[in-house]
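One structure is given here, and the rest of the page talks about it.
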Amino acid sequence: MTTLQALIFDVDGTLAETERDGHRVAFNQAFAAAGLPWYWSEGIYGVLLQVAGGKERIHFFIDKYAPPLPSDRDLDDLIAELHHAKTGYYTALLQAGQISLRPGIKRLINEARQQNVRLAIATTSRLENALALLETALAPDAPSWFEVIAAGDIVPRKKPAADIYHYVLDKMALDAQNCLVIEDTEHGLTAAQGAGLTTVITVNEYTKRQNFAAAALVLNHLGKPDQPCESLWGHFLTQPYFDLSVARSLVSMTEPANASCVVKRLREGD
Ligand code: XBP
């Protein structure tokens, strides 16, 4: 029988709402510090999020919106410099305690640690960003709870390519069927599916209209006893939150013990 041996977490948007209030703000701080008249509004940032990776996102912005560019700068050097500065602003935002974890994340991670379910991270973001979030929002020693923290340029192709998930599985010497992924985007789902991984999605404002038909379960968040989650697609939870019992049911491909009938239900026009 297939058993759950590991949980693999995406970072941005999954562990915390880092995109709108973290990365976006830090990109804008880096642009202003460099004297560039660029500003990424919440709306524009939603468009830019279709490209994963900070450097790649700045490239995409320049290609799509043709903003004013300094004539005396090599483009790749400028982007590398902006991205380096942005990382500093982003980690400073985290150190200032500006960003907290999404509902249920800490509870699920603690439950996994108590039950010896192995933990890993698979993110497109830079390693120092992932470490800073874990340290500031979870616990100073939280990075050590994760057996593998796969981040940024460690693989040649970022999500939606499956590379980062293949990397994690190789490093942990695990079969995909024994792992469950928590993601928040269609790109993340595509990457995890590409590696054969069962995936649970917790949507956010930027991703709630994306196509998650291939997910095992789509929730508004993982939920906690005093803040119930809502099932948007897949198995309808009959308890107020997602926990390891549901995770085990999903990977064993049996009807979840704590979920009733399948509700293929997506929120439209919401
Ligand atoms: C999130 C991303 C990243 C961050 C910025 O990745 O797409 O590009 O927005 O990261 P994930 P960097 O959902 O896989 O965690 O600036 O550090 O590249």
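Below 8 Å between Cα atoms, with a sequence gap of 6+, how large is the relative contact order for the chain in percent?
Numbers: 478 pairs, mean separation 53.9, N = 270.
Here the relative contact order equals 20 percent.
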Provide the per-residue ³J(HN,Hα) series for segment 103-113, in order, calculated from phi with Karplus coefficients 6.51, -1.76, 1.60 and θ = phi - 60°, each as a whole number of Hz, with x at glycine and proline positions.
x, x, 5, 4, 4, 5, 5, 5, 4, 4, 5
HN-Hα J in Hz across segment 51-63 - Karplus 6.51, -1.76, 1.60, θ = phi - 60°, x for Gly and Pro
10, 8, x, x, 5, 4, 5, 5, 4, 4, 4, 5, 5
Calculated FRET value between residue 208 and residue 56, using beta carbons and R₀ = 35 Å, to 0.05
0.90
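For residue 207, what is the net charge nearby, where nearby means another residue's Cβ is under 10 Å from its Cβ and Lys, Arg count +1, Asp, Glu -1? Please list the in-between numbers first.
Numbers: positive: 208, 209; negative: 19, 183, 184, 186, 205.
Every neighbour counted, the sum reads -3.
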Segment 9-80: chymotrypsin sites (Phe, Trp or Tyr not before Pro) falling in loop per DSSP and having at most 14 other Cβ within 10 Å:
39
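Where in segment 1-82 are there trypsin sites (Lys or Arg not before Pro) that are in a DSSP coil and have at most 13 other Cβ atoms within 10 angstrom of their Cβ? Could you put the intermediate results ahead of the total?
Numbers: sites: 20, 24, 55, 57, 64, 73; in loops: 73.
The qualifying sites are 73.
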Subtracting the Cα-Cα distance of residue 239 and residue 141 from 0.36 nm times their residue separation yields 32.2 nm
Once label points are set 7 Å from the Cα along Cα→Cβ at both residue 76 and residue 115, what is their separation, rounded to one decimal in nm?
4.8 nm
For segment 180-185, in order, what is each residue's ³J(HN,Hα) by Karplus, 6.51 cos²θ - 1.76 cosθ + 1.60 with θ = phi - 60°, in whole Hz (x at glycine and Pro)?
10, 9, 10, 9, 10, 10
Regarding the chain, what's the average projected area of the Cα-atom convex hull, expressed in nm²?
14.2 nm²
Residues in segment 113-144 near a label at residue 100, defined as backbone nitrogen under 14 Å from the 7 Å Cα→Cβ point?
137-138
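With a sphere of radius 14 Å drawn around the Cβ of residue 52, what net charge do the other residues whose Cβ falls strictly inside it have (Lys, Arg +1; Asp, Glu -1)?
Numbers: positive: 55, 57, 126, 157, 158, 159; negative: 10, 12, 19, 56, 153, 163, 183, 184, 186.
Around residue 52, the charge tally is -3.
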Can you give the local net charge around residue 137? Use residues other than it whose beta-carbon is closer than 10 angstrom to its beta-carbon, Lys and Arg +1, Asp and Glu -1.
+1
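Taking loop as defined by DSSP and a crowding limit of 16 other beta carbons within 10 Å, which GluC sites (Glu not before Pro) in segment 1-73 fit? Please list the in-between numbers first.
Details: sites: 17, 19, 42, 56; in loops: 17.
Listed in order of number, the matching sites amount to none.
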If you line up the long axis of helix 163-172 against the longest principal axis of the chain, both from Cα atoms, how many degrees apart are they, to the nearest 10?
50 degrees
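Which of 64/159; 64/158; 86/158; 159/208; 106/171 have a Cα-Cα distance over 22 Å?
Numbers: 64/159 20 Å; 64/158 20 Å; 86/158 19 Å; 159/208 18 Å; 106/171 24 Å.
Checking Cα-Cα distances, 106/171 exceed 22 Å.
FYI, it's all coordinate maths here, none of it is from the lab. Please read these numbers as outputs of a predicted model, since none were measured by experiment. Ideal geometry is used to build each Cβ from the backbone, glycine not excepted, and the neighbour counts take in all protein chains shown.
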